[in-house]
Each structure stands twice: as structure tokens, then as C-alpha cells.
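The values are calculated or read from the model by the stated rules, or taken from the named source; none is laboratory data. Source: prediction; values computed, not measured. We place every Cβ from the backbone using ideal geometry, glycine too, and count neighbours over all the protein chains shown. Keep in mind that these areas ignore ligands, DNA and RNA; they rest on the heavy atoms of the full protein, side chains included. Shrake-Rupley method; radii C 1.70, N 1.55, O 1.52, S 1.80 Å.
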Amino acid sequence: MAQEAIVNDFTLRVATVNGSGSQSSNLVLATAIFRLGIAVAPKNVFPSNIEGLPTWFDVRVTPQGYQCRSREIDVLVALNPATWQSDLASVRPGGVIVHESAYPMTTLRDDLTFYAVPFGELAKSHFDAGPLRKYLVNMVYVGVVAELLGIPIESIEAAVRGQFSKKPAAAEKNMVAVHVGVEYARANLRKHDPYRLEAVAGGTDGLMFMDGNRSAALGCVMAGCTVAAWYPITPSSSLCENFIALCDRYRVDPQTGKRKAAIVQAEDELAAIGMVFGATWAGARAMTSTSGPGISLMAEYVGFGYYAELPGVIFDVQRVGPSTGLPTRTMQGDVAFAYTLSHGDTKHIVLLPATVGEAYAFAMQAFDLADRFQTPVFVLSDLDLGMNPWMTPPLPYPERDFDRGKVLNAHDLAQLESWGRYRDVDGDAIPYRTLPGTDHPNAGYFTRGTGHDEAAHYSEDAATFARNLDRLVRKHDAARAAVPQPIVDEAGHAVGLIAYGTTHHAIVEARDRLNDAGIPTDYLRVCALPFAPEVQAFVERHERVYVVEQNRDGQLHTLLRSELATHAIERLRSIRHYNGVPIDARAIIDPLVDAERAAVTA
């Protein structure tokens with residue numbers, strides 16, 4: 001009996017070796033499917049070494065357009081002998097294996113469809129010996145997969161030429177390899193599996209591929225950032241690399257050729273954040289990008305920025321810790337650390353983008369918030385958002401002017417009998433500042449990380465110090481209404497979900513499946529710290545609220561317990577995912593269903 005076709009609803013995994021050049025081939029596959037109007041969610045899981053360890057690239061397609069990872073693998077391209085057996089075991093019953101025909105077949109499962117392809121022999125017979133051969137073999141599997149799944153060669157060719165747009169000769173060679181795969185599959189493989197791709201008219205119209213690091217870099221440019229100081233670290237490096245490329249294109253005077261941005265690769269992260277605060281003290285908009293280990297090194301300087309009240313934007317593209325951990329895997333592990341970074345009595349504004357569009361918009365907003373509140377502002381994304389390509393609408397050109405906050409110029413100073421750098425004149429806890437170079441004799445003041453009074457004079461007076469700390473916490477509280485507000489989807493159900501960042505995408509699928517299982521949920525996505533008042537109100541409207549996040553200790557759950565009223569805390573439950581790969585829907589559904597069964601029967 002013929003199998004019922006499974007159309008545009010499966011996960012394809014390519015298992016290869018790091019350094020084999022498979023990234024380009026996998027992006028060609030994802031882009032070619034996207035060009036058919038089919039929503040795709042590519043996820044790259046790669047090791048931290050340069051070459052030799054296993055790497056996996058998943059391309060998920062679903063009718064619903066889910067953007068989260070799936071742990072269920074339907075179609076596997078197996079090209080890593082070291083992981084051949086474990087990769088084989090990862091495919092769910094009924095799945096498909098495209099594999100190197102030389103691999104041992106002693107422990108074959110009888111619930112899978114196998115397509116053996118002599119990739120090595122095909123490469124030897126069609127391509128000259130040399131380094132290029134191992135790269136071209138990847139395009140052979142692109143051709144085989146295209147033929148088996150029904151991707152038109154025109155779509156593959158468009159993706160190849162887009163991938164190698166600056167290397168036409170390379171595009172030609174790669175297309176030769178694609179055709180080798182297509183022709184082998186047509187001549188030797190009889191398709192007898194259910195998985196198909198069918199074009200969807202208009203399905204991806206108005207969308208494009210972009211990663212979060214690139215969109216954040218573009219947001220920095222649009223926000224008027226002219227100074228970046230950084231030290232390379234995975235997975236944040238491409239943010240500053242993209243910023244450099246954008247400044248080379250847009251921050252050069254066309255008449256003189258003079259650069260209008262200063263970008264410094266510092267000797268370490270400590271130096272980088274120091275340069276950022278030096279630049280913002282002088283009036284520039286400045287940023288750095290790093291990851292967890294870099295945040296550790298920045299702790300003292302960030303406290304200085306908080307207490308001296310210096311703007312500055314810090315992008316933290318989170319990876320797995322503690323220590324060096326898994327440097328090329330994803331995590332939401334820096335939330336609590338970043339929120340209170342320094343030596344006590346500090347609380348920072350933290351923005352939590354979930355999408356490429358938010359990485360762009362929050363980058364712009366971070367500079368406004370840093371200037372307005374005269375304080376360091378963190379933007380916390382993660383490796384999944386920062387480095388993986390995502391479907392996104394085009395990023396809109398900003399329409400608002402910059403918010404530079406309270407800056408006194410020479411004219412302002414001429415109207416004042418006196419002013420104090422840390423004086424709360426307006427009752428909003430935000431003082432006025434001047435910038436170096438302001439042409440007025442009263443413009444100067446001492447910037448201090450040590451104890452100081454309202455006039456910025458050195459002081460160890462107990463009452464003055466406490467009064468200053470109280471003003472700083474009032475300023476932090478005022479930011480609750482200024483940061484991006486939580487996004488709520490609510491219909492009066494008993495069960496609520498709270499999440500942030502890229503966990504959002506697994507929440508979307510989990511809610512659909514929970515609803516199908518008879519557990520409808522409401523949802524609040526936290527977009528920033530400090531918490532907006534709506535967060536407590538949402539918790540109070542629900543009997544049980546599950547806080548879902550990608551770290552072991554439930555960091556946001558802990559922050560909520562420390563800030564919400566006691567009667568709200570009792571309603572919170574914690575669901576955590578922390579194995580280094582992006583969270584999937586089952587990581588939410590399974591523990592939530594168990595908890596709901598226990599709650600109902602209690």
C-alpha cells in the first residue's frame with residue numbers, strides 16, 4: 001500500500017564534520033526551500049574546535065512556520081563516520097537515511113528507509129584531488145536531497161548563486177557538484193519514503209533571512225553609535241564584525257574619505273568596556289559586544305558606570321557556562337548575573353530580544369535608554385538568535401529622533417546660578433550632565449566612582465552615600481515604564497506561561513500542542529528588566545504560572561520570586577532547559593503536563 005505523503009512537515013538533519021565546509025551547503029538547502037515559499041527554521045549545532053569534531057545542521061519545515069528546534073529527526077544525511085551509529089539512532093521510526101555507502105550496515109534498523117550513496121567515489125570520479133574536493137562533496141548531497149525531496153534545480157541554483165554571489169567561478173563548480181548528486185539520485189535511487197516538499201505560493205513573500213548579530217549591528221548604526229570597543233569571543237564576534245563592515249560602508253565621509261567611527265579591538269574585555277565609558281563620558285554613543293566570560297571581566301567597570309552614571313551599551317550574546325562551558329552552544333545563563341553585575345547594590349536595565357527584528361529595535365532603544373537614564377544598558381540575546389539565520393520581515397527605518405537625555409549646553413548653564421552633577425532637580429532621580437568641551441566655566445565636574453555628594457565632591461558621609469544609593473534605585477524603578485513592555489496573549493485561562501528571548505519560539509509551538517491536549521494557556525513574554533508592573537498583574541490573574549527558560553537554576557524564576565509579592569510567588573513554577581541546544585516544544589510540554597496532572601489530582 002502506498003504511503004501517505006508527508007508534505008512540508010519534517011526536520012532534515014545533516015551530520016558532518018566541523019571544518020568540512022558543509023555550512024555553505026546547508027545554507028543553500030535552507031535558502032532553496034525558503035525560495036519555494038516554505039517556512040524554514042535552520043539550526044546549526046557546531047563544536048568549538050576549528051576542525052574535526054561532529055557538527056549537525058537542522059532544517060525544520062512545518063505548515064505552521066514554527067521557528068523552534070525539534071528533537072524528532074525525520075530525514076538524516078549521514079556523512080560523519082564517527083557519529084554514524086548515534087545519528088542513526090536519533091531518527092524516529094519511519095524516517096529516512098541518506099548515507100555514505102561505505103559505512104558499516106551491521107546494525108541497521110528495519111523501521112527506516114535507507115538511500116546509500118557513494119559520495120566519496122563520486123567526488124573522486126568527478127573532481128580533481130585537493131582541498132576543494134572535500135567541499136564539493138557537500139554539494140553532491142545537496143543534489144541528492146533536492147532530487148529526493150522535490151526541490152527544483154532552479155531553486156537550488158538560485159541559492160547557490162546567492163551563496164557565492166562574489167565568487168562566480170565557485171558557484172559554477174558547486175553547481176557541477178549539485179548536478180552530480182541529482183543525476184546519481186535519478187539513475188540509482190528509487191524513492192519510497194513519504195517526505196515531500198511542495199512550493200507554497202506567497203508563503204515567504206516579504207520575508208528574508210538574517211541573523212540576530214547582524215540586525216543588532218545595524219541597529220547600532222541606526223542609533224548613532226560611533227564607537228565600538230571589543231575583544232573577540234564566540235558567539236558575539238560577528239556583531240562587531242558586522243558593525244565594522246557597516247561603518248566601512250556608511251560611516252566614511254564621501255568627500256574626504258575620513259572615517260566617522262572609532263572601532264578598537266582591545267587587549268581584553270576589561271579594556272573594551274573602559275573605552276566604552278570613556279567615549280560616552282565624552283559624549284559619543286558607544287558599545288561593546290561579548291559573552292558570559294567577557295561579562296565577568298567587565299564586572300568592576302560596569303559598577304563604575306552605574307555609580308558614576310555613565311551611559312554605555314553592552315551586548316551579551318549568551319553561550320553555555322559556567323567557566324568556558326560549551327562555548328558554541330546556546331543558553332540564557334547570564335540574566336541574573338547581568339542584572340546585578342558589580343559588587344552589590346547595583347541593578348541594570350536589561351533588554352531581552354526574541355527575534356531578529358527585536359535585536360535591531362532593542363539595539364536602537366538601548367542607546368536611548370542609556371543616555372536617558374545615564375547608566376549601562378545590557379542587550380542579552382543568545383547564540384541561537386545571534387548566529388542562526390531566521391526568517392524576518394525587512395527592518396524598518398527608524399522614525400524617532402535620538403533621546404540624549406539631560407545634557408546641559410553652554411546656553412543652559414548660562415541660565416543657571418549653579419548645578420550639581422548628581423543633583424535630583426526634577427524629582428525623577430535623573431541628574432543633569434555636561435559633556436567635555438562645553439564652552440562655559442561651570443561645565444566642569446569630577447566623575448567619580450568613589451563616594452560623592454550631589455555636586456560630585458568626594459564624600460564618605462554616611463547619610464550622603466545612602467541618599468545617593470536611594471536615588472539610584474529610584475532611577476532604576478523609573479525605568480520600569482520606559483523599557484520595552486511585556487507582550488501578553490491572554491484569554492482568561494487558569495494556566496499562564498512566562499518566557500523571554502528565544503524560548504519564545506518553543507512556547508509558540510508548545511501552546512498549540514497543549515491546547516490540542518486540552519490545556520489552554522495564556523502567555524506573557526518578558527522583554528526587559530526591571531519588570532514592568534504588568535508582570536505581577538499577569539501572575540495574579542492565573543492559578544499557576546510556569547516560568548520557562550534556558551538555564552539550570554531558573555534565573556528569571558528566581559528574580560521574579562525576589563521582586564513579586566508573596567501571594568504571587570506561590571503561583572510560580574519553574575521549567576528549565578539547559579543541555580546547550582535550543583529549547584524545543586517537548587521540553588516545555590512534558591514537564592508542564594506532568595505538573596498539571598499533579599495539580600489537578602492534588
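The table for this structure:
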{"read-out": "Shape call, segment 300-367: gyration tensor on alpha carbons, a/c limit 1.5", "value": "oblate"}
{"read-out": "For segment 255-397: span of alpha carbons on each principal axis (Å, largest first)", "value": "43, 37, 29"}
{"read-out": "Segment 263-341: C-alpha pair distances exceeding 14 Å, %", "value": "60 percent"}
{"read-out": "Label of the coordinate-derived value, Kirkwood radius over Cα pairs in Å, listed as (1) 24.9; (2) 26.2; (3) 25.5", "value": "(2)"}
{"read-out": "Rg and Dmax of segment 477-516, Cα atoms only, in Å", "value": "12.9, 41"}
{"read-out": "Packing-based order for 398-406, 330-338, using average beta carbon neighbours within 10 Å, highest first", "value": "330-338, 398-406"}
{"read-out": "Scaled radius of gyration (Cα, divided by 2.2 N^0.38 Å) that segment 483-602 gives", "value": "0.97"}
{"read-out": "Cβ crowding within 10 Å averaged over residues, with 412-421, 8-17 ranked highest first", "value": "8-17, 412-421"}
{"read-out": "Rounded Å value of the spacing that divides the Cα centres of segment 520-549 and segment 1-35", "value": "36 Å"}
{"read-out": "Amide H partners (placed H, <5 Å) of Y195, local residues excluded", "value": "I6"}
{"read-out": "Dipole of the chain, positive end: most advanced residue of T464, P232, G294 [Cβ charges, Cα centre]", "value": "P232"}
{"read-out": "Alpha-carbon centroid distance for the pair segment 360-387 / segment 43-114, whole angstrom", "value": "36 Å"}
{"read-out": "Square roots of five times the Cα gyration tensor eigenvalues for segment 10-166, Å", "value": "21, 21, 15"}
{"read-out": "Rounded percent of accessible protein surface that carbon and sulfur make up, the chain, 1.4 Å probe", "value": "53 percent"}
{"read-out": "Rounded to whole Hz, the Karplus (6.51, -1.76, 1.60) HN-Hα couplings of segment 340-351, x for glycine and proline", "value": "10, 4, 2, 9, x, 6, 10, 9, 10, 6, 10, 9"}
{"read-out": "Dipole of segment 170-228, positive end: most advanced residue of L218, H192, V178 [Cβ charges, Cα centre]", "value": "H192"}
{"read-out": "Over segment 496-536, relative contact order from alpha-carbon pairs under 8 Å, at least 6 apart, %", "value": "51 percent"}
{"read-out": "By average C-beta atoms within 10 angstrom, highest first, the peptides 37-45, 588-596, 213-221", "value": "213-221, 37-45, 588-596"}
{"read-out": "Fraction in percent of alpha-carbon pairs per bin - 10 Å, segment 83-125", "value": "26, 55, 17, 2"}
{"read-out": "Per residue value of the accessible surface for the chain (all protein chains in place, 1.4 Å probe), Å²", "value": "42 Å²"}
{"read-out": "3J(HN,Hα) from dihedral phi, segment 272-289, Karplus parametrisation 6.51/-1.76/1.60, rounded to Hz, x for glycine, proline", "value": "4, 5, x, 5, 4, 5, x, 5, 6, 4, 7, x, 7, 8, 9, 8, 9, 10"}
{"read-out": "Inter-label distance for E267 and D412, nm, one decimal - labels placed 7 Å from Cα along Cα-to-Cβ", "value": "3.6 nm"}
{"read-out": "Average projection area in nm² (convex hull over Cα atoms of segment 149-275, one quarter of hull surface)", "value": "12.9 nm²"}
{"read-out": "Spatially near lysine pairs across the chain, Cα under 23 Å, sequence gap of 8 or more or different chains", "value": "9"}
{"read-out": "Tilt relative to the chain, helix 212-222 - C-alpha long axis, 0 to 90 degrees, to 10", "value": "40 degrees"}
{"read-out": "Computed over segment 1-104: relative contact order in percent, which uses C-alpha pairs under 8 Å that are six or more apart", "value": "31 percent"}
{"read-out": "Separation between Cα centres of segment 231-298 and segment 158-226, rounded to whole Å", "value": "31 Å"}
{"read-out": "Calculated from backbone phi, Karplus (6.51, -1.76, 1.60) coupling profile of segment 439-453 in Hz, x at Gly/Pro", "value": "7, 7, x, 8, 6, x, 7, 8, 8, 10, x, 8, x, 8, 9"}
{"read-out": "Amide H contacts under 5 Å for I97, placed H, 5+ residues apart", "value": "L76, T113, F114, Y115"}
